[in-house]
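Remarks on the structure that follows.
What follows draws every value from the coordinates through simple rules; no lab data is involved. All values derive from a computational prediction rather than experimental measurement. As a convention, Cβ positions derive from the backbone with ideal geometry for all residues, glycine included, and neighbour counts pool all protein chains shown.
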Amino acid sequence: MLMRRQPHLEHMQFTHTVPYGAILSEDGVQFLVFSRNATAMKLLLYKDVGDMDPHRVITFRPEVDRWGDIWGLFVPGLRAGQLYHFQADGPFEPEHGHRFDPKARLIDPYAKALAGTFLDNSDGITRPPKCVVVDDHFDWSGDRHLRRSLSETVIYEMHVRGFTQHASSGVKHPGTYLGVIDKIPYLKKLGVTAVELMPINEFPILGSDGKPARIKNYWGYDSMAFFSPHRGYAYDKSPGGQVREFKEMVKALHSEGIEVILDVVFNHTCEGNEHGPTLSFKGLENSVYYMLERDKRYYKNYSGCGNTVNGNHPITREMIFHCLRYWVHNYHIDGFRFDLASILSRDRNGNLVPNPPLVEQIAEDPLLSDAKMIAEAWDAAGAYQVGSFGNSRWAEWNGRFRDDVRRVWRGDSGMLGALATRLSGSSDLYQSGGRPPYCSINFVTSHDGFTMNDLVSYNHKHNLANGEDNRDGDNNNHSFNYGIEGPTDRKPIDGLRLRQIKNMMTTLLLSQGVPMLVAGDEFRRTQQGNNNAYCQDNEISWLDWKLTETNAELLRFMQALIAFRISQPTLRRESYLTGKSVAPDQLPDVSWYGPLGTAVDWHQSQQMTCLLTKPLKKLDPQGLGRDVMILFNTGEIASEFQVPVVAKERKWRLFLDTAEDSPKDIFPAFDGPFLNKRQRIVLPSKTTMVYVAEMT
């Protein structure tokens, strides 16, 4: 019924399935918006991004332009690039959850792009960025999702702007989607298979009052329009230019075999609490889109950001589904990481519920079956669901892996059992729920916290630059500075720091599950001890590419280590290790030994040997797998290791030694020295050695 004046709509491509917002046809544009309690609706049309006021205002006629709770009208003659807002009138009754403001210009919840920024509101009128009518057609040249198995994935978390904004990046258009394209050869050489982009959905560039914000939101966890790629990362500043450039970036990454995962923030918006501005959802249907307290003047705040999206309300849930499908089918996105995903497990009253509808339906949605789903399985209100979020379609950021690996290498006692569990794929968290090892997204660092370099350089956070008197950021980092807080010219300390970085990176890349590293950790990027650089759009956060030369040894090590993981099915199994023989003539798939080659003392020792046996031929049809022997000395003194009796019949070559300098720290061609005939090895303190068996 609402589409009565769109005769050509039936010929649109599959990517045009979003049923709301501004729907473009050959004859004009159909505008559709949901509001249950609005008493009037207007469409504001603008000629230019800088216009303070619309040149044309069209009033919806309820008797013909409203069907149920959907307001819709068709405007002939409009084209792609048209700028618009909605404006809704209705009750302003906060005690009943209604916050309509007839003066507010509202962002369409389904807007596909925004243009401009906040304009002056000295007259009491809120003027947010304008919505853009978008033509979604794009020459993909046959591009499709890469459909790489999670078990074969190595994730690289990065910030689009910070990746190339530094003067040292050498790209033509720094800080943009196009800048990422220029760095694809680097990503290929590093060897990662997927980039996980910190939020690229729209978020405010300036404060809601149109003036520079006191604290700038650099990370982008402050969503303003879920369907729109961020205009601030586009070189082309024309309305809708970001849509084309983002697609060009995805297409270019896919052409080199690199998947694109988006970090999405469906847990809150930039409208804040009862003191925040009315920009979109508040002015259309506040009590549907947000969780409200019993006293409906106030917002539930499970996000720590002022409000909480009401994700399990049917209307909001529908919007999230449409949004995910749109990014998958219109932008060819390969997967999503859901920020504070435990909020998606809360019902409309904020209670955590089993089998929450939104989580379950995302997992079962047939149009999303090719997409990777990754949860940050906690929220800011105390929910911690690591190991229990959803079914096997959901992977999780494994916060237990992060904490245990940090503590192991810091030297905390009694951690060998935890190390073995994390190396084996965290079966304690996932196996009982029928979830395979690749449901564990393993990481030691992420955007949230210390960089890898700072993890071994600071005992305490140094966040004064954030303007919050160092109160923000986590105080429990499991970090250690090895004698001096911050940078040092003392070679013994800096050498030990480099060794510890290699130890933690080795643990990460050799563990079952899916490794994720943060952009710049591979060449010792520093944030000067800031573990919460959310507001630092400057050299604290930007990648300094000169460090690729300064720390070329670590970069070489990481390239070889990632390549080793990708080549070895031994390290990326799709089922759990059992500790049993996989065939009558083979050793157990995994076995553990103390430094003397006998049983491990799980409670006292800080030394351990892990022996991994290559998988059966049916799981490794190309025959690339090798037996791998990993020796750990996490203690403070050197220790002699004896090769376990069961491994003595094999010919072992050294692959990796974190105590050595380049090039003897890693042997990418598997041409390291053979294990000595005595089969005894002295490991210095804080050292990992990896041996690989000769092919048979």
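Quick rundown of the values:
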| read-out | value |
| --- | --- |
| Protection proxy ranking of 368-377, 196-205 - average other beta-carbon atoms within 10 Å, highest first | 196-205, 368-377 |
| Estimated distance in nm for a label pair at Phe670 and Gln622, the labels positioned 7 Å out from Cα along Cα-to-Cβ | 1.2 nm |
| Distance between modelled label sites at Ser388 and Ser149, nm, 7 Å Cα→Cβ extension | 3.0 nm |
| ³J(HN,Hα), Karplus 6.51/-1.76/1.60, whole Hz, each residue of the stretch 680-696, x for Gly, Pro | 10, 9, 9, 9, x, 4, 6, 9, 10, 10, 10, 10, 10, 7, 4, 5, 10 |
| Per-pair calculated FRET efficiency, R0 = 22 Å: Lys172 and Asp236 via Cβ, rounded to 0.05 | 0.95 |
| The stretch 445-520 versus the stretch 302-373: alpha-carbon centroid distance in Å | 32 Å |
| The stretch 633-650 - phi-based ³J(HN,Hα) in whole Hz, Karplus 6.51/-1.76/1.60, Gly and Pro as x | 10, 8, x, 9, 10, 5, 9, 8, 10, 10, 5, x, 4, 5, 9, 6, 7, 8 |
| Surrounding net charge for Thr688, when Lys and Arg each add one and Asp and Glu each subtract one, Cβ distance under 10 Å | +2 |
| Near-label residues of the stretch 242-286 by backbone N, under 15 Å of a point 7 Å along Cα→Cβ of Ile184 | 245-261 |
| Cα gyration tensor category, rounded, prolate or oblate, for the stretch 9-132 with a/c compared to 1.5 | oblate |
| Segments 462-474, 30-42 sorted - mean Cβ within 10 Å per residue, highest first | 30-42, 462-474 |
| Förster-model FRET efficiency, 60 Å R0, His275 and Thr598, C-beta, rounded to 0.05 | 0.40 |
| Cβ crowding within 10 Å averaged over residues, with 217-229, 244-256 ranked highest first | 217-229, 244-256 |
| Per-residue ³J(HN,Hα) for the stretch 18-34, Karplus 6.51 cos²θ - 1.76 cosθ + 1.60, θ = phi - 60°, Hz, x for Gly and Pro | 5, x, 10, x, 9, 9, 7, 9, 5, 9, x, 9, 9, 10, 9, 8, 8 |
| Cut-off under 5 Å, modelled amide H: who pairs with Met41 long-range | Phe60, Asp89 |
| Over the chain, relative contact order from alpha-carbon pairs under 8 Å, at least 6 apart, % | 10 percent |
| Helix-derived mean residue ellipticity, 222 nm - over the chain, DSSP H n ≥ 4, -39500 (n - 2.57), to 500 | -5500 deg cm²/dmol |
| Which listed pairs, of Lys103/Lys216; Lys42/Lys247; Lys502/Lys648; Lys103/Lys300, have C-alpha distances above 30 Å, in listed order | Lys42/Lys247 |
| Prolate/oblate/rounded label for the stretch 154-204 (Cα gyration tensor, a/c 1.5) | oblate |
| Antiparallel DSSP beta bridges within the chain, as percent of all bridges there, nearest 5 | 70 percent |
| Extension gain (nm, one decimal) between Asp428 and Phe92, 0.36 nm per residue minus Cα-Cα | 115.9 nm |
| Spin-label proximity, Asp69 to the stretch 99-124 - amide N less than 20 Å from point 7 Å beyond Cα toward beta carbon | 99-102, 106-111 |
| Estimated FRET transfer efficiency when R0 is 56 angstrom, pair Arg61-Glu539 (beta carbons, to 0.05) | 0.50 |
| Inter-label distance, nm, simple model (7 Å from Cα along the C-beta direction), Asp123/Gln586 | 7.6 nm |
